[in-house]
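The values are calculated or read from the model by the stated rules, or taken from the named source; none is laboratory data. None of the values given here were measured: they were computed from a predicted structure. All Cβ positions, even for glycine, are placed from backbone atoms using ideal geometry, and neighbour counts span all protein chains on display. SASA here: full protein model, heavy atoms, side chains in, ligands and nucleic acids out. Shrake-Rupley method; radii C 1.70, N 1.55, O 1.52, S 1.80 Å.
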Amino acid sequence: MAYAKSRIWTELDFEKDGKQVGYLHLPHSVTRSAYGSIAIPCAVIKNGAGPSTLLMAGNHGDEYEGQVALTRLIREIEAADVKGRLIFVPAINLPAAMAGARISPLDDRNLNRCFPGNANGTATEQIAYYVEHVLAAMCENWLDLHSGGGSLAYVPFASIHSTRDAALDKRALAALKAFGSPISMVWDWSDEPNMANGAATRNKAIYLGSEFGGTGTVNPDAAKLAYEGTLRVLAHFGHLSRRNPRLQIAPAPKKVRWVEILSRDYYVYAPQPGLFEPKVKLGRMVKKDQLYGLVHFVDDPMRPPAEVRFKTAGMLICMRHPGRCERGDCLAHLATDAKG
Ligand code: ZN
């Protein structure tokens, strides 16, 4: 049994009906606490037979809208509201979330590059292992709510990844439509086995992701979208009733803009280390070869700045937030309207 292999333990009973709010305990033996553990918050809300859905945020600790939405939903949803089972983990990489950092301060690892994890590895590898082999293994649906984090600003959108499993892709697309993000994306080429979407595919679970904002802050519109969209998709899965008077499920927007990213050419990288001055604002449409911005060399004032241009046309859906950049930093990526 997969449970036996993970060193993470919990007092939560995933098979029990009712609402339980507790912790996943990751053993962490250090000088100040020889037999200590890191307590990762987790809620199980179960009511009879039905589907199981994993709701996760804090995969990257500095991505906040999903953390806000899921902690609120843990407080609001009661067992009587639910059919089937909801498993909430609003700050899955807790050490990173508490540090407001993308990666864990314990091992400098990025959870979303650690799947399928290692039962006896570093702290982050053990979390990945538990998510893939215990939590995702129990669920047919997985929401993993991301944002841009401290280094990126995004025009908020929800997304799915193509998996080359037609039945899974069909279910995922229906879920994405039900989530009702005004901008929705299908990632077609980012099939990374060490990312959470790869873990979902290995478990034959649909994987609904997002990029809700960024810049190391909470975008209020995106936090609202994360909350309302999650309620809508839980109703779509059959967990919640739309007639529940206590949980007001907002209608989905009438118009959805479908976008896609088709190649590496949609990404723009810093050609030199320096101070980046963008000339285009987030959300604007740009043309191929248009000037995106200038990398300035403030320690060498007579040196002309380096020009950075777009390699393709599209919407500036993501841009770097901090001013300073190193060579190779992602300065932007575009998205284009999906052909359908
Ligand atoms: Zn992320």
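The table below lists the values:
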| read-out | value |
| --- | --- |
| Out of 117, 61, 121, 66, sole residue that is closer than 23 Å to residue 198 by Cβ, within 15 Å of the ligand (Cβ to nearest atom) and not in a helix (DSSP H, G or I) | 61 |
| Test: residue in the range 302-310 that is modelled with pLDDT under 95 and part of a loop (DSSP other than H, G, I, E, B) | no |
| Single condition residue 25 does not satisfy, out of (1) touching a strand residue (DSSP E or B) at 6+ places or on another chain (Cβ under 8 Å); (2) over 22 Å from residue 237 (Cβ atoms); (3) more than 16 Å from the ligand (Cβ to nearest atom); (4) open to solvent by less than 20 Å² (accessible area, probe 1.4 Å) | (4) |
| Test result for residue 292, outside any loop (DSSP other than H, G, I, E, B), over 27 Å from residue 175 (Cβ atoms) and under 28 Å from the mean Cα position of the chain (by Cα) | yes |
| Number of the exception - residue 201 against (1) closer than 30 Å to residue 281 by Cα; (2) buried (at least 16 other Cβ atoms within 10 Å of the Cβ); (3) not basic (Lys, Arg) | (1) |
| Every residue from the range 176-214 that is of a type in the set (Lys, Arg) and either on the phi > 0 side of the Ramachandran plot or within 16 Å of the ligand (Cβ to nearest atom) (or both) | 204 |
| Subset of the range 135-156 that is farther than 17 Å from residue 201 by Cβ and not in a loop (DSSP other than H, G, I, E, B) - its residue that is farthest from the ligand (Cβ to nearest atom) | 153 |
| Residues of the range 274-312 satisfying the condition of being within 24 Å of residue 215 (Cα to Cα) and either loosely packed, with under 15 Cβ neighbours inside 10 Å or acidic (Asp, Glu) (or both) | 277, 279, 281, 283, 284, 285, 291, 298, 307, 309 |
| Tally of residues being hydrophobic (A, V, I, L, M, F, W, C) and touching a residue at least 60 places away in the same chain (Cβ under 8 Å) across the range 147-178 | 8 |
| Count of the range 47-90 residues which are open to solvent by 10 Å² or more (accessible area, probe 1.4 Å), aliphatic (A, V, I, L, M) and in contact with a helix residue (DSSP H, G or I) (Cβ under 6 Å, 6 or more places away or on another chain) | 1 |
